[in-house]
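Below you'll find the structure, written out as structure tokens, and then a few comments.
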Amino acid sequence: MRRKIVAGNWKMNLDVNEAETLFKGICSIASAGNKYQKTLVFPPNIYIHSLLKENNGAIEIGAQNFHFETKGAFTGEVSARQLKALGCSWVLVGHSERRVLFNEGAAILSKKMDAALESNLQIIYCCGESLREREEGNHFDKVRDQIAILKSLTHESMQNISIAYEPIWAIGTGRTASPAQAAEMHDFIRAELEAIFGYTIAESTSLLYGGSCSEENAKELFSCKNIDGGLIGGASLKVDSFGAIISAIE
Ligand code: PEP
């Protein structure tokens, strides 16, 4: 049985007091979950340590970013190994903001993926097309290319990978993919995984939708058969909206 996951990506938002207040609020509403249902938050790295101390066990904490080297002269960077030692259990890899704003291409993303797996971190690997690629009908090719990076992974490693489909045109824009558009792409990703890894891995990999997911549209999106939860940006910054989205998966 694959896991249902609702994950909040706080991006570069919130001061320390706001982050702690939001986290406490989410802890108070997130049920402890179980092996098959998870609530995750990805705060800015500087808050991870203090939030881990506040954690009541209902939430797992991940890092939005890290460097693929394990240690050394990389001023300003944090490694996967350091995050794991801190108590972090997840990382994001391949978010479109990292791809576009920080030039993270396939070679870097592969190294990040290997570093995270070596440190026993779980990964949400993000993929998704630009508006232009969708309008030109190239969205499936684009996502297929992005998924191809996973080909080098073993079946065992794939057990630590979840995938978030996040069309770039829907991120932070208020313009959500329709349930039909999201479902179509999720079906496609599941089929790609099956072609690469076979039925068992494809069926057990959680596929999340991201891109202006909100309390208004979450239930309909999550009811699609290949949508196993969401990666939530803006709506994860308020207890009420994030709580409603968590409830939508239950
Ligand atoms: C994201 O950045 O991963 C995201 C999905 O953002 P938003 O929900 O704000 O569109």
Could you list the trypsin sites (Lys or Arg not before Pro) in the stretch 200-250 that lie in coil according to DSSP, counting only those with at most 12 other Cβ atoms within 10 Å of their Cβ?
-> LYS225
Once the in-chain neighbours fewer than 8 apart are removed, the aspartates and glutamates whose Cα is under 19 Å from LYS71 read ASP114, GLU118
Mean accessible area per residue over the chain (1.4 angstrom probe, all protein chains present, square angstrom) is 46
Spelling it out for LYS38: with amide H atoms placed in the peptide plane at 1.01 Å from N, the residues 5 or more places away or on another chain with amide H under 5 Å from its amide H are LYS4, ILE5, VAL6
Per-residue HN-Hα couplings for the stretch 52-60 [Karplus 6.51, -1.76, 1.60; θ = phi - 60°; Hz; x = Gly/Pro] | 4, 5, 7, 5, 9, x, 7, 10, 10
Using only the alpha carbons, work out the radius of gyration and Dmax of the stretch 155-213 in angstrom.
-> 12.5, 37
Report the convex hull volume per residue for the chain, counting only C-alpha atoms, in Å³.
-> 117
Amide H neighbours of SER206 at under 5 Å, excluding residues fewer than 5 places away on the same chain, with H built from the backbone geometry, are ARG3, ILE163
Provide the solvent-accessible area of SER130, counting protein heavy atoms only and rolling a 1.4 Å probe, rounded to the nearest 10 Å².
-> 30
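Step through the table entries LYS4/LYS142; LYS84/LYS225; LYS24/LYS111; LYS38/LYS84; LYS11/LYS219, compare each Cα-Cα distance with 28 Å, and write down the pairs that go over it.
LYS84/LYS225; LYS24/LYS111
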About the Cα centre of the chain, how large is the charge dipole given +1 on each Lys and Arg Cβ and -1 on each Asp and Glu Cβ? Please answer in debye to the nearest 20.
-> 460
Percent antiparallel among DSSP beta bridges (both partners in the stretch 4-248, rounded to 5) = 5
A chain fully extended from ALA58 to ILE196 at 0.36 nm per residue, minus the present Cα-Cα distance, gains in nm 46.3 nm
Express in whole angstrom the spacing between the alpha-carbon centres of the stretch 1-60 and the stretch 89-160.
-> 22
Give the residue from PHE242, ILE161, ALA148 lying farthest towards the positive end of the charge dipole for the chain; charges sit on Cβ (+1 for Lys and Arg, -1 for Asp and Glu) and the dipole is referred to the Cα centre.
-> ILE161
Phi to ³J(HN,Hα) by Karplus 6.51 cos²θ - 1.76 cosθ + 1.60 over the stretch 65-82, Hz, x for Gly, Pro = 7, 6, 9, 6, 6, 7, 6, x, 7, 10, 3, x, 9, 10, 9, 4, 4, 5
With point charges of +1 on the Cβ of Lys and Arg and -1 on the Cβ of Asp and Glu, referenced to the Cα centre of the chain, which listed residue (PHE66, LEU231, TRP10) lies farthest in the positive direction of the dipole?
-> PHE66
Show the residues, 5+ positions off or on another chain, whose built amide H is closer than 5 Å to the amide H of GLY233.
-> ASN9, GLY211, SER212, CYS213
Mind checking which of GLY137, ALA80, ALA170 is farthest towards the positive end of the stretch 75-229's charge dipole, using Cβ charges of +1 (Lys, Arg) and -1 (Asp, Glu) about the Cα centre?
-> ALA80
Heavy-atom accessible area of the chain with neighbours in place, 1.4 angstrom probe: carbon+sulfur share in percent works out to 50
3J(HN,Hα) from dihedral phi, the stretch 155-172, Karplus parametrisation 6.51/-1.76/1.60, rounded to Hz, x for glycine, proline | 4, 5, 4, 4, 5, 9, 10, 10, 10, 10, 8, 10, x, 4, 5, 9, 7, x
Between the stretch 198-236 and the stretch 166-183, how many Å separate their Cα centres?
-> 11
In Å³ per residue, the alpha-carbon convex hull of the stretch 1-92 encloses 101
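The values are calculated or read from the model by the stated rules, or taken from the named source; none is laboratory data. Predicted model, so just to flag it, every value in this text is computed and none were measured. Ideal geometry is used to build each Cβ from the backbone, glycine not excepted, and the neighbour counts take in all protein chains shown. Protein only, heavy atoms only, side chains kept; ligands, DNA and RNA dropped before computing areas. Shrake-Rupley method; radii C 1.70, N 1.55, O 1.52, S 1.80 Å.
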